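Only one structure is covered here, and it is reproduced in the block below.
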Amino acid sequence: MKILLVDDEKRILEVLEAYLEREGYEIHCADNGIDALKKAKSINPDLIILDLMLPDISGEEVCRLVRKESDVPIIMLTAKSAEDDRINGIVMGADDYLTKPFSPREVVVRVQAILRRVKKTEKVERIEFNNKQLAIDLSKKEVTVKGQDVILTPIEYKLLTNMALNPGRVYSRMDLLEKIQDEGMYYEGYERSVDTHIKNLRKKIELDSRQPTFILTVFGMGYKFGGILDVSNTAV
């Protein structure tokens, strides 16, 4: 599996490269944001480790631009330790967040955990949540609630699957709006229009749309998927 390391500190690149190559990963390095974006497109990495403090464009901007093109897992590295900074990193689209100084062994463990989760998800064609209360057939693009078929619009289906495949991850309204557009759909609207689609989606999949179980609001940030994945799923 390919990992893209992005950091302007040569020593950090060298150490992480050595540790990750020892685990069998193919490592590509970039020491600035522009090069990182180019390599993210050309090598199509399975995971990106991204420093926020880069010499040209910020790691936050790199993350935002990558997220417009890909759902590749991103681990952010930063010298900032404030809670708001960590929260902003997750809201921005990061899957994990490490504060410098960090242990290279911890980075390896987190990389392995994220890639195991991604690999497991890729092998699943049907995912079920909360004791089969909600089921999504990814191959047929069908959704059922308590065994009953639910008809979703293309936008509602894309919003649901993007969040359900990344449970717990916080999506801003702009994140979700970009998911709709990047999937090849021409859609005009403001970020707040996502609220309307979320409201309609809740009416269709929640037992009580006023007290949702699956599509949860993260106040001041956006939305996340709160369903609990059932242990057994049908694998490809």
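When Pro45 is tested against (1) in contact (Cβ under 8 Å) with a residue 40 or more places away in the chain; (2) surrounded by fewer than 21 Cβ atoms within 10 Å (Cβ to Cβ); (3) out of contact with any Ser or Thr (no Cβ under 8 Å at 6 or more places or on another chain), just one condition goes unmet, and that condition is (2).
Can you spot a residue in segment 220-233 that is over 19 Å from Asp71 (Cβ atoms), modelled with pLDDT under 95 and in a strand (DSSP E or B)? Looking through segment 220-233, none of the residues is over 19 Å from Asp71 (Cβ atoms), modelled with pLDDT under 95 and in a strand (DSSP E or B).
I'm trying to understand the selection: among the residues of segment 19-53, which are modelled with pLDDT of 90 or more and either over 20 Å from Val111 (Cβ atoms) or basic (Lys, Arg) (or both)?
Just the residues of segment 19-53 that are modelled with pLDDT of 90 or more, to begin with: 19-51.
Arg22, Asn32, Gly33, Ile34, Asp35, Leu37, Lys38, Lys39, Lys41, Ser42, listed by residue number.
The values are calculated or read from the model by the stated rules, or taken from the named source; none is laboratory data. Remember, it's a predicted structure, so these values are computed and weren't measured experimentally. Note that each Cβ is placed from the backbone with ideal geometry, even for glycine, and that neighbours are counted across all protein chains shown.
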